[in-house]
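The values are calculated or read from the model by the stated rules, or taken from the named source; none is laboratory data. Just so it is clear, the model here is predicted, and its values are computed rather than measured. Backbone-built Cβ (ideal geometry, glycine too); neighbour counts: all protein chains shown. The protein model used for the area step is the full one, side chains on, heavy atoms only, and it has no ligands, DNA or RNA in it. Shrake-Rupley method; radii C 1.70, N 1.55, O 1.52, S 1.80 Å.
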Amino acid sequence: MGSIQSLKGTRDILPDEVAYWQWVEGAARRQFAQAAYQEIRTPIFEDTALFARGIGEATDVVGKEMYTFTDKGNRSTTLRPENTAGVVRAYIQNGLAAKGGIQRLWYSGPMFRYEQPQGGRQRQFNQLGAEVLGSKDPRADGEVIALAQDLLQGLGLVNLTMDLNSVGDRSDRAAYREALVAYLTPYKDDLDADSQDRLNRNPLRILDSKDRRTQEIVAAAPNLSAYLSPESKTFFDRVQQSLSDLNISYRLNPRLVRGLDYYTHTAFEIQSADLGAQATVCGGGRYDGLVEQLGGPATPAVGWAMGLERLMLLLKGLGPAPQSAFDFYVVSRGEAAQAQALKLAQALRRQGFSAELDLSGSAFAKQFKRADRSGAVACLILGEDEAIAQTLQLKWLSSGQQASYGQAALLQDPAALRQQLQQARAAMSEA
RNA sequence: GCGAGCGUGGCCAAGUGGUUAAGGCAGUGGAUUGUGAUUCCACCAUUCGCGGGUUCAAGUCCCGUCGUUCGCCCCA
């Protein structure tokens with residue numbers, strides 16, 4: 001080879017695939033606008049301390065997956081591995097809390113984790129996310145989850161399941177952690193190696209180990225739900241109530257423990273059986289302590305993040321992305337006609353039509369073949385004869401019908417032309 | 001970071017040590033000097049991810065390396 005390749009775990013999204021991305025982005029943008037969520041764009045790299053403090057030193061994301069480097073000013077800098085910490089930082093720094101009320105935010109963009117790539121997992125990947133800051137109302141949890149569900153459903157994804165759990169507040173978890181460690185310690189030697197390691201560092205993660213022996217041991221472990229305070233229990237009940245009010249189905253999973261330390265109370269994951277080991281399409285929950293932990297005022301919050309590459313894998317399995325057909329393909333032959341075609345294409349675009357100009361200069365037969373494949377609704381033909389007469393032929397590609405127009409006359413009534421295109425398009429989609 | 005599989009043109013591939021690396025799709029030019037299909041012809045990899053080794057001989061065997069796929073870990 002010798003030529004430079006994209007780095008491991010990164011990939012190009014080529015024009016054919018971009019149709020899916022634009023489809024998803026458009027749907028998300030509309031959905032968020034309807035629910036009064038505003039877009040926020042934060043930097044792709046941040047102070048390393050933001051993630052260390054926000055996500056938690058003991059997590060795998062911080063411990064072994066961050067792209068961290070020292071910049072020329074000797075600052076420890078990290079490519080964001082997720083965006084909740086960044087959004088919270090922006091919320092605090094820009095005084096959004098002081099504006100009062102509830103902030104509903106969404107974002108979309110690349111995240112970076114140094115991991116072994118696999119289907120549905122890359123080193124640079126894109127997440128779409130929603131965050132509601134400033135509400136401790138359990139309906140906020142319901143709203144945010146419904147938004148994710150509606151978006152996925154609107155894209156035609158129906159074979160998804162959602163797991164739900166409450167991980168309680170900080171003191172609930174501390175009490176549970178103690179009980180869990182007490183239960184697991186006698187079995188220490190029977191746990192898988194990773195779980196043994198986690199016994200001190202992050203024991204809750206042992207709950208969703210995939211190791212069979214560990215699973216057997218964990219099956220009889222004390223349940224987190226038994227350690228929830230009455231307040232936490234009530235809150236979780238009300239979250240579930242709001243989900244059933246919204247007709248959202250879910251499965252209670254007492255083992256669901258998410259890998260980022262900031263989660264409190266609600267935790268959920270939306271999964272697909274069609275993604276192999278990377279089943280989670282969307283994950284999130286409540287993080288009532290994070291804003292304060294990062295130096296802001298005590299602020300309850302709830303949100304989620306969706307893995308767009310995983311979403312694309314699912315959508316590709318369902319069929320092609322919807323695309324609107326192109327209006328005109330312009331073919332020409334002869335110097336004078338070619339010049340006129342160039343001007344014609346521009347005039348069409350200025351009237352709001354889409355027009356692709358054939359630049360090949362090859363035989364008409366070849367140009368028509370390309371017109372056919374371009375997906376255009378109609379073809380405009382300018383040859384030597386038309387150049388002299390200042391006319392053009394308009395050919396409807398699906399019916400083959402063709403008519404002659406004066407070059408100036410074609411655009412005299414754009415509304416009528418637009419209507420004709422619409423009719424031809426409708427006929428195309430019927431066929 | 002660990003374990004296993006795979007790497008032949010833009011894409012899909014045949015090839016399992018012996019002279020010139022099948023075939024299909026796509027592409028380009030032509031048969032058709034002004035009309036999309038079909039058909040036909042021509043062109044399209046001095047080289048099999050990369051580097052080294054074994055051999056008279058390597059796409060084919062060995063080692064390394066890079067990439068990729070699947071699983072673990074973890075997550076979106």
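Of A:35, A:49, which residue is open to solvent by less than 70 Å² (accessible area, probe 1.4 Å), within 20 Å of residue A:147 (Cβ to Cβ) and modelled with pLDDT of 95 or more?
Numbers: A:49 fails: within 20 Å of residue A:147 (Cβ to Cβ).
Exactly one residue qualifies, and that residue is A:35.
For region A:31-40, give me each residue that is on the phi < 0 side of the Ramachandran plot and either of a type in the set (A, V, I, L, M) or touching a helix residue (DSSP H, G or I) at 6+ places or on another chain (Cβ under 9 Å) (or both). Before the answer, list the steps.
Residues of region A:31-40 on the phi < 0 side of the Ramachandran plot: A:31-35, A:37-40.
Matches in region A:31-40: A:31, A:32, A:33, A:35, A:37, A:38, A:39, A:40.
Looking at A:381, A:388, which is the one that is among the β-branched types (Val, Ile, Thr), in the same structural domain as residue A:342 (by TED's automatic domain parsing) and open to solvent by 70 Å² or more (accessible area, probe 1.4 Å)? Can you show your working first?
Values: A:381 fails: open to solvent by 70 Å² or more (accessible area, probe 1.4 Å).
Of the residues listed, the single one that is among the β-branched types (Val, Ile, Thr), in the same structural domain as residue A:342 (by TED's automatic domain parsing) and open to solvent by 70 Å² or more (accessible area, probe 1.4 Å) is A:388.
Looking for whichever is touching a residue at least 60 places away in the same chain (Cβ under 8 Å) and either more than 28 Å from residue A:149 (Cα to Cα) or surrounded by 12 or more Cβ atoms within 10 Å (Cβ to Cβ) (or both) here; the options are A:17, A:57. Which one fits? Give the steps one after another, and end with the answer.
On the way: A:57 fails: touching a residue at least 60 places away in the same chain (Cβ under 8 Å).
Only one candidate passes the filter, namely A:17.
Residues of region A:394-405 being part of a strand (DSSP E or B) and either in contact with a Gly (Cβ under 8 Å, 6 or more places away or on another chain) or exposed (fewer than 12 other Cβ atoms within 10 Å of the Cβ) (or both), which ones?
To start, the set of residues in region A:394-405 that are part of a strand (DSSP E or B) comprises A:394-396, A:402-405.
Within region A:394-405, just A:403 meets the criteria.
One line per residue, one yes/no per condition, for (1) assigned to a helix (DSSP H, G or I); (2) out of contact with any strand residue (DSSP E or B) (no Cβ under 9 Å at 6 or more places or on another chain); (3) polar (S, T, N, Q); (4) in the same structural domain as residue A:95 (by TED's automatic domain parsing):
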residue: A:139; (1), (2), (3), (4): yes, yes, no, yes
residue: A:148; (1), (2), (3), (4): yes, no, no, yes
residue: A:189; (1), (2), (3), (4): yes, yes, no, no
residue: A:195; (1), (2), (3), (4): yes, yes, yes, no
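Quick test for you: out of A:63, A:26, A:86, pick the one residue that is free of Cβ contacts under 8 Å to residues at least 60 places away in the same chain, over 24 Å from residue A:152 (Cα atoms) and exposed (fewer than 15 other Cβ atoms within 10 Å of the Cβ). Talk me through it step by step, then tell me what you get.
Numbers: A:26 fails: over 24 Å from residue A:152 (Cα atoms); A:86 fails: exposed (fewer than 15 other Cβ atoms within 10 Å of the Cβ).
Checking each option against the conditions leaves just A:63.
Is it the case that some residue within region A:261-282 is within 9 Å of RNA strand B (Cβ to nearest atom), over 27 Å from residue A:96 (Cβ atoms) and acidic (Asp, Glu)?
Looking through region A:261-282, at least one residue is within 9 Å of RNA strand B (Cβ to nearest atom), over 27 Å from residue A:96 (Cβ atoms) and acidic (Asp, Glu).
Select from region A:1-14 the residues that are farther than 18 Å from residue A:111 by Cα and either of a type in the set (Val, Ile, Thr) or in contact (Cβ under 8 Å) with a residue 24 or more places away in the chain (or both) and list them in ascending order.
So the first thing to find is which residues in region A:1-14 are farther than 18 Å from residue A:111 by Cα, and the list is A:1-5, A:14.
Across region A:1-14, the qualifying residue is only A:4.
Looking at A:68, A:42 in this structure, which one is hydroxyl-bearing (Ser, Thr, Tyr) and more than 18 Å from the chain's Cα centre (by Cα)? Break it down into steps so the answer makes sense when it comes.
On the way: A:42 fails: more than 18 Å from the chain's Cα centre (by Cα).
Within the list A:68, A:42, the selection yields A:68.
Please tell me if residue A:335 is more than 30 Å from residue A:322 (Cα to Cα) and either within 8 Å of RNA strand B (Cβ to nearest atom) or among the basic types (Lys, Arg) (or both).
Numbers: more than 30 Å from residue A:322 (Cα to Cα): yes; either within 8 Å of RNA strand B (Cβ to nearest atom) or among the basic types (Lys, Arg) (or both): no.
No.
Restricting to region A:200-225, and then to whatever is open to solvent by 70 Å² or more (accessible area, probe 1.4 Å) and over 20 Å from residue A:258 (Cβ atoms), can you tell me which residue is nearest to RNA strand B (Cβ to nearest atom)?
Of everything passing the filter in region A:200-225, A:212 is nearest to RNA strand B (Cβ to nearest atom).
Report yes if some residue within region A:363-371 is over 20 Å from residue A:429 (Cα atoms), touching a residue at least 24 places away in the same chain (Cβ under 8 Å), in contact with a strand residue (DSSP E or B) (Cβ under 6 Å, 6 or more places away or on another chain) and assigned to a helix (DSSP H, G or I); otherwise report no.
Yes, some residue in region A:363-371 is over 20 Å from residue A:429 (Cα atoms), touching a residue at least 24 places away in the same chain (Cβ under 8 Å), in contact with a strand residue (DSSP E or B) (Cβ under 6 Å, 6 or more places away or on another chain) and assigned to a helix (DSSP H, G or I).
When only residues in region A:305-326 that are part of a helix (DSSP H, G or I) and modelled with pLDDT under 90 count, which is farthest from RNA strand B (Cβ to nearest atom)?
Of the residues in region A:305-326, the ones part of a helix (DSSP H, G or I) are A:308-318.
Pick out the ones that are also modelled with pLDDT under 90 and you get A:316-318.
Working: A:316: 13, A:317: 12, A:318: 17 Å.
Among residues in region A:305-326 that are part of a helix (DSSP H, G or I) and modelled with pLDDT under 90, the one farthest from RNA strand B (Cβ to nearest atom) is A:318.
Which members of region A:346-379 meet the condition of being on the phi > 0 side of the Ramachandran plot, within 14 Å of RNA strand B (Cβ to nearest atom) and touching a helix residue (DSSP H, G or I) at 6+ places or on another chain (Cβ under 8 Å)? Working first, answer last.
Start the filter on region A:346-379 by keeping residues that are on the phi > 0 side of the Ramachandran plot, which leaves A:352, A:361, A:375.
With the extra rule that they be within 14 Å of RNA strand B (Cβ to nearest atom), the set shrinks to A:361, A:375.
A:361 - this is the single residue of region A:346-379 that is on the phi > 0 side of the Ramachandran plot, within 14 Å of RNA strand B (Cβ to nearest atom) and touching a helix residue (DSSP H, G or I) at 6+ places or on another chain (Cβ under 8 Å).
Residue by residue, here is whether (1) modelled with pLDDT of 95 or more; (2) touching a strand residue (DSSP E or B) at 6+ places or on another chain (Cβ under 7 Å) holds:
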{"position": "A:244", "(1), (2)": "yes, no"}
{"position": "A:261", "(1), (2)": "no, no"}
{"position": "A:273", "(1), (2)": "no, no"}
{"position": "A:303", "(1), (2)": "yes, yes"}
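Looking at region A:178-199, which of the residues that are of a type outside the set (Phe, Trp, Tyr) and at pLDDT 90 or above is most open to solvent (accessible area, probe 1.4 Å)?
Step one: list which residues in region A:178-199 are of a type outside the set (Phe, Trp, Tyr), which gives A:178-182, A:184-186, A:188-199.
In the following step, the residues that additionally are at pLDDT 90 or above were identified as A:178-182, A:184-186.
Numbers: A:178: 138, A:179: 21, A:180: 0, A:181: 38, A:182: 68, A:184: 1, A:185: 68, A:186: 106 Å².
Per the stated criteria, the residue is A:178.
Residue check: is residue A:148 within 13 Å of RNA strand B (Cβ to nearest atom) and either of a type in the set (D, E, K, R) or at pLDDT 95 or above (or both)? Let's see the steps before the verdict.
Values: within 13 Å of RNA strand B (Cβ to nearest atom): yes; either of a type in the set (D, E, K, R) or at pLDDT 95 or above (or both): yes.
Criteria met by residue A:148.
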